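Notes follow once the structure below has been shown.
The values are calculated or read from the model by the stated rules, or taken from the named source; none is laboratory data. All values reported here derive from a predicted model rather than from experimental measurement. We place every Cβ from the backbone using ideal geometry, glycine too, and count neighbours over all the protein chains shown. For the accessible areas, the whole protein counts, side chains as well, though only heavy atoms, and no ligand, DNA or RNA atoms are used. Shrake-Rupley method; radii C 1.70, N 1.55, O 1.52, S 1.80 Å.
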Amino acid sequence: VDAAVGPAAHLPLLAVELTRAGLGADWATLLWEAGSLPPDRLVAAADALAVAGRSADGRQLLRQGTGRPPAEFGDAVHRLDQEGRHREVRTLLDAYIRGRTPEEAADSARGAPDRLVPLLLDAARRVSDERYWDVVHALRIAGIAH
């Protein structure tokens, strides 16, 4: 847990050392723990892994981090957006749209639909036309304007 909440730049070094020492299961546990980091730190950790050539680990970390309840995830993304942290918002939403159902995506927009719906739809469009229309449909079913 201490390693997961430490500086993001240390994660790639820990990955190398744990893997070299034959402790791959401990690395998987560390990634799982890091998945509970606050969203801004989660993105920083995923970025550090990607820069170090461990993009697959970074993507796994983002998938794990987007496993929060939809309302909690939506609130976190909305806060980041209000802070002007648009790159982090985009990174999180891209992972969320890929890993969660359209219905969960719609639920995540309930707290601030005026701002979150356009962001979710942009992320869905980046995934595919089919995902975009699935999210549009889920928003309609949930009664959330878009």
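Residue-level check: of (1) surrounded by fewer than 23 Cβ atoms within 10 Å (Cβ to Cβ); (2) farther than 26 Å from Ala15 by Cβ; (3) not hydrophobic (A, V, I, L, M, F, W, C), Arg41 misses just (2).
Does Arg90 satisfy the condition of being among the basic types (Lys, Arg), under 12 Å from the mean Cα position of the chain (by Cα) and within 23 Å of Ala50 (Cβ to Cβ)?
yes
Among all residues of segment 5-28, there is none that is touching a residue at least 40 places away in the same chain (Cβ under 8 Å), in a helix (DSSP H, G or I) and open to solvent by 20 Å² or more (accessible area, probe 1.4 Å).
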